[in-house]
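One structure is given below, encoded as C-alpha cells.
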Amino acid sequence: MASAWGVPAIVINTKNAALDLLGSRTTFASKPKWPMAELIGRQSNVGFTYYGERLKRFREVLRKPLNIQSISLFWGPYLEEQSYNLCQSLFKDSEQFYALVEINIQELIVMLTYGYRPDSQYLKVYHTMMRETGEALQPGRWAVNYIPALKWVPAWFPGAGFQAWVECARLRFTEVARTPFYKTKSNVLLGQGNTCFVQQALESLPERHSTDDEDIVMFAAGSLLSELQMCSFIYTFIFMMATHSDIQSRAHEEIIGICGSSSLPGPPDRAQLPFVECIIQEVHRINPAVPLVPHSNSQEADYAGYRIPKNSWIIANIWGMLHDDGVYLQPQSFIPERFLSNENDLVQPGPRNLVYGFGPRRCPGENIADLYLFLVTSRILALFEISCVVEEGNCHIPTLEFDPGIAA
C-alpha cells in the first residue's frame, strides 16, 4: 500500500482482482477526491462524478442510445461516413496524420452528440479544453490536490495564481458543454436538425421535466466517447503498421480476399476478418490508451486478507495486466497472432474487458468506439501501405510519445 495525495493508495496488478473489486462491487465504483478536477468543473462530467444517484441517472440517459441496436439503427452511417472522410484526408496530406486524426475524432464526437459538423472555432476551443483537462490531471503539478483547503484561497493571495488558470479552464469547459447543447435543443424545439444523442435524450424526457433533467443530458453528452483514447489507438496502430510490414501485408491480403479491391470493409465483414480483429486487440494490449484507472471505495473492505481503508485510491494498473509475462508470451512484442486459435498454442486473453473500464464506470460509448476503430483500422489497411520515412537510404523509425497523466 502506498499513499496518493495523503490518502492510502492500492495498486491492482491482476485482472482477477480488478474484475472482483471494480467490476462487481458498487462500493468500489466511486472516484477519488480530485480538488483540481472539481475546480475546473469536471465533477459535472460522468467520468469524474462520485458514485451515487447522479451517476445512476447519467448511466440511464446513456444506456438506450448507445446500445448495439441503436448503433445499427442510427449511428452506423455516421461512423462509415467519418471513417471514409479520414481516409480521404490521409490521401490528400498523409504527412499531417496526427492533426487529421485528431480533427476527425472531434468531428465524429460532435456529430454523434449534437447532430452537426462543428466549425473550426469550436474545434479550437474544444482542443484547448481537452489540453487543459490533461494539465489538470497531471500528477504532482497542483498543490491544491495535496492541500484541498487551497480551493478557498482567493486569486490575489500570494501563491494562489492557479485560481486565474482555473477560472479560464472552468469557463472553457462550460462553453464546450453548453453552446452545442442549447443549439441542438433549439433545433429539437423547432423540429429541425439531425438524429443525434442530445435530440433522442431530450425527446425521451417527460413533458414536465426539470432543469436538472436537462443538465443530466447536457453533461452526459460530454461523455459519449473519449477523443484522447480513440486518437491514441489510431496513432499506435499507424506506428505498429509502419514498423511491422509483414503483419500489414497479411491483413491487407485478408481484406482483399473478403472484400475485393473495389469495396471497403464494413460492419458485416468484421466476422470474416479474424486477423484484422487480432491487430485491433493487440494495439489495445501493446499500448492501452488508459494505462492507469483510478477508483475509490465508499466503504472499508477486506480482500484476499488485506484491509482496504475507506476512500482509498484504488488504481487498476491496466498496462501491467496487459504486459504480464505470466499471461502473455513476449508481452513487449507486437504479435497479433497471439489471439488466433490453433492446435499448438493456447489463445491468450483479449484485452477488451480491461481497456474500456469496469462496472458502473465502464465507458458508455464502448460499442460505438469499438466499431469505429474497426472501420478505421480495416479501411486504412485496405487503402494504404504504411511505411517508415527513408532518409539518405536509412529507414527513420518514428517514436510514440504521450503526455503523462492519470485517466479518469
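The numbers here are math on the coordinates, done by the rules we state, and not lab data. Source: prediction; values computed, not measured. Glycine also receives a Cβ, built like all others from the backbone with ideal geometry; neighbour counts cover every protein chain displayed.
Set the Förster distance to 25 Å, then compute FRET efficiency between ARG362 and VAL153 from the Cβ-Cβ distance, nearest 0.05. Let's see the in-between values first.
On the way: r = 37 Å, r/R0 = 1.47.
Calculated transfer efficiency: 0.10.
Would you grab the residues whose amide H sits under 5 Å from the one on SER30? Only those 5+ places off in sequence or on another chain, please, with H modelled 1.01 Å from N.
TYR51, SER296, SER298
So what are the ³J(HN,Hα) numbers for region 176-187, from phi and the Karplus equation (6.51, -1.76, 1.60; θ = phi - 60°), rounded to whole Hz, Gly and Pro as x?
So the J values, rounded to whole Hz, are 5, 7, 7, 4, x, 4, 6, 5, 5, 4, 4, 5.
Relative to the Cα centre, what is the charge dipole magnitude of region 42-101, using +1 at the beta carbon of each Lys and Arg, -1 at the beta carbon of each Asp and Glu, and rounding to the nearest 20 debye? Don't skip to the end; give the middle numbers.
Working: 8 positive and 6 negative charges, 114 e Å.
Using Cβ point charges on Lys, Arg, Asp and Glu, region 42-101 gives about 540 debye.
Need one number: nm distance between label points at LYS310 and ASP325, each 7 Å from Cα along Cα→Cβ, rounded to one decimal.
Taking the two extended label points, one gets 4.3 nm.
Can you give the extra length, in nm with one decimal, that the chain gains between TYR146 and GLN96 once fully stretched, where that is 0.36 nm per residue apart less the Cα-Cα distance? Could the numbers behind the result be given before it?
Values: separation 50, 0.36 × 50 = 18.00 nm, distance 3.98 nm.
That pair, TYR146 and GLN96, stretches by 14.0 nm at full extension.
Placing unit charges on C-beta atoms (Lys and Arg positive, Asp and Glu negative, everything else neutral), compute the dipole magnitude of region 1-160 about its Cα centre in debye, rounded to 20.
Working: 17 positive and 13 negative charges, 154 e Å.
About 740 debye.
According to a simple spin-label model (label point 7 Å from Cα along Cα-to-Cβ), what is the distance in nm between GLU337 and THR27?
Label at THR27, label at GLU337, 4.8 nm between them.
Could you please rank GLU207, GLU60, GLU254, placing first whichever residue has the fewest other Cβ atoms within 10 Å of its Cβ? List each step's numbers first, then the result.
Working: GLU207 4, GLU60 11, GLU254 21.
Least crowded to most crowded, the residues run GLU207, GLU60, GLU254.
Of LEU66, TYR372, PRO148, which is farthest towards the positive pole of region 2-396's charge dipole, taken about the Cα centre with +1 and -1 on the beta-carbons of Lys, Arg and Asp, Glu respectively?
PRO148
Where does each of CYS388, CYS259 land when they are ranked from fewest to most other beta-carbon atoms within 10 angstrom?
Working: CYS388 14, CYS259 18.
If I rank by nearby Cβ atoms, fewest first, I get CYS388, CYS259.
Fully extended, how many nm does the chain gain between GLN121 and ILE68 (0.36 nm per residue separation, minus their Cα-Cα distance)? Write down the numbers at each step before the final one.
Values: separation 53, 0.36 × 53 = 19.08 nm, distance 3.28 nm.
Here the segment from GLN121 to ILE68 would lengthen by 15.8 nm.
List SER70, SER94 from most exposed to least, where exposure is judged by having the fewest other Cβ atoms within 10 Å. Let's see the in-between values first.
Details: SER70 17, SER94 12.
Ascending number of Cβ neighbours within 10 Å: SER94, SER70.
Filter LYS124/LYS310; LYS64/LYS310; LYS31/LYS183; LYS31/LYS64 down to the pairs with a C-alpha to C-alpha distance above 29 Å, please. List each step's numbers first, then the result.
Working: LYS124/LYS310 41 Å; LYS64/LYS310 33 Å; LYS31/LYS183 31 Å; LYS31/LYS64 24 Å.
Check vs 29 Å cut-off fails for LYS124/LYS310; LYS64/LYS310; LYS31/LYS183.
Obtain the nm distance between the two label points defined at GLU135 and ASN353 by a simple spin-label model: each point lies 7 Å from its Cα along the Cα-to-C-beta direction.
4.1 nm
Which one, LEU190, GLY266, LEU123, is farthest towards the positive end of the dipole of the chain when Lys and Arg carry +1 and Asp and Glu -1 on their Cβ?
Projecting each Cα onto the dipole axis, the largest value belongs to LEU190.
Under the rule of -39500 (n - 2.57) per DSSP H run of 4 or more residues, summed and divided by the residues of the chain, what mean residue ellipticity at 222 nm is obtained, to the nearest 500 deg cm²/dmol? If you can, show how the numbers build up before the last one.
Numbers: 15 runs with 189 residues, N = 408.
So the helix-based figure for the chain works out to -14500 deg cm²/dmol.
Decide, for region 27-148, between rounded, prolate and oblate: order the square roots of the alpha carbon gyration tensor eigenvalues as a ≥ b ≥ c, take rounded if a/c falls under 1.5, and otherwise choose prolate if a/b is larger than b/c, else oblate. Write down the numbers at each step before the final one.
On the way: a/c = 2.80, a/b = 1.37, b/c = 2.04.
Verdict is oblate for region 27-148.
Taking 8 Å as the Cα distance limit and 6 or more residues as the minimum spacing, I'd like the relative contact order of the chain as a percentage. Kindly include the intermediate steps, with their values, before the conclusion.
Numbers: 524 pairs, mean separation 115.4, N = 408.
The normalised contact order for the chain reaches 28 percent.
What size of dipole, in debye to the nearest 20, comes out for the chain about its Cα centre when the only charges are +1 on Lys and Arg C-beta atoms and -1 on Asp and Glu C-beta atoms? Can you show the working numbers first?
Values: 33 positive and 42 negative charges, 339 e Å.
Rounded to the nearest 20 debye, it is 1620 debye.
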